[in-house]
Amino acid sequence: MARTRLSRSDRYDQLVEVSWALVRAEGADALTLGRLAEHAGVAKPVVYSHFASRAELLAALFTEFDDRQTVMLEESLDSSAASLDGRARAIADSYVGCALAQGRELTGVLAALEGSPELEQVKRSAERAYSERCRSILEPYCPSGEIPAPSITAIFGAAEALSQAAVSGSLKPEEATGELAELISAVVGKA
């Protein structure tokens, strides 16, 4: 069977897709550049031309997830009411929805990111940017005009816990999003 030659961009997308499938099937520990090449049906140098190391591949997976999460947030905002409850619901729907769409494989990638200072920095930077975007969305509805850092930390700690509960099946998705939306409204309303 002849191999299909893809553009660099299409090959990158294929490698990311195959990486997620490999993590889904076998866990993040199974994700190596050699295994990726094997599963993608390409030579190792092709994979190495896109990702210099496993760490770089993991960072790319997290960045791809983060980009999807940002798109989902913007789409939710476009269809939400311009009120505290509407914005809180948009944030909750997109946060939990993106975690559900990615599934359990995200947990393995996040754990791998925590294992390296450089990778943890990628994760923290993305989380900081996302939480600052949400802060700017919510602050117009805050009585004091400013949401304190501890309040934003509480919101995203709850968002992570509720999302993981929905992914694991211990909460229904609508329970997780409903609780998160209520919590966001309550925290912002009292700030």
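Every read-out reported here was derived from the displayed coordinates using simple, explicitly stated rules and does not represent laboratory data. This is a predicted model, so every value here is computed, not measured. We place every Cβ from the backbone using ideal geometry, glycine too, and count neighbours over all the protein chains shown.
Working from Cα pairs under 8 Å separated by at least six residues, relative contact order for the chain is 22 percent. Across all C-alpha atoms in the stretch 3-76, the radius of gyration and Dmax reach 12.8, 40 Å.
On the principal axes of its alpha-carbon atoms, the stretch 103-174 has extents of 39, 34, 16 Å, going from largest to smallest. Here the chain is treated with +1 on each Lys and Arg Cβ and -1 on each Asp and Glu Cβ, and its dipole about the Cα centre works out to around 540 debye. Between E174 and R24, the FRET efficiency estimated from the beta carbon spacing at R0 = 22 angstrom works out to 0.35. Computed packing ranks the peptides 86-92, 116-122 as 86-92, 116-122, most packed first, by mean other Cβ atoms within 10 Å.
With K and R counted +1 and D and E -1, the other residues having a Cβ less than 10 Å from that of G108 yield a net charge of -1.
Stokes-Einstein diffusion for the chain, with the hydrodynamic radius set to the Kirkwood value over Cα pairs and evaluated at 25 °C in a medium of 0.890 mPa s, equals 137 µm²/s. Modelled spin-label separation between T32 and S144, with each label point placed 7 Å from Cα along the Cα-to-Cβ direction: 5.2 nm. The simple spin-label model puts a point 7 Å past each Cα toward its Cβ; for A55 and A101 those points are separated by 3.0 nm. When peptides 49-61, 142-154 are sorted by average Cβ neighbour count within 10 Å, with the highest value leading, the order is 49-61, 142-154. Which of the lysines could a cross-linker span from K172 if the Cα-Cα distance has to be under 22 Å and same-chain partners fewer than 8 positions apart are dropped? By straight Cα distance, K172 reaches no lysines at all.
From its DSSP helices (H runs of at least four residues, each -39,500 (n - 2.57)), the chain gives a residue-normalised ellipticity at 222 nm of -26000 deg cm²/dmol.
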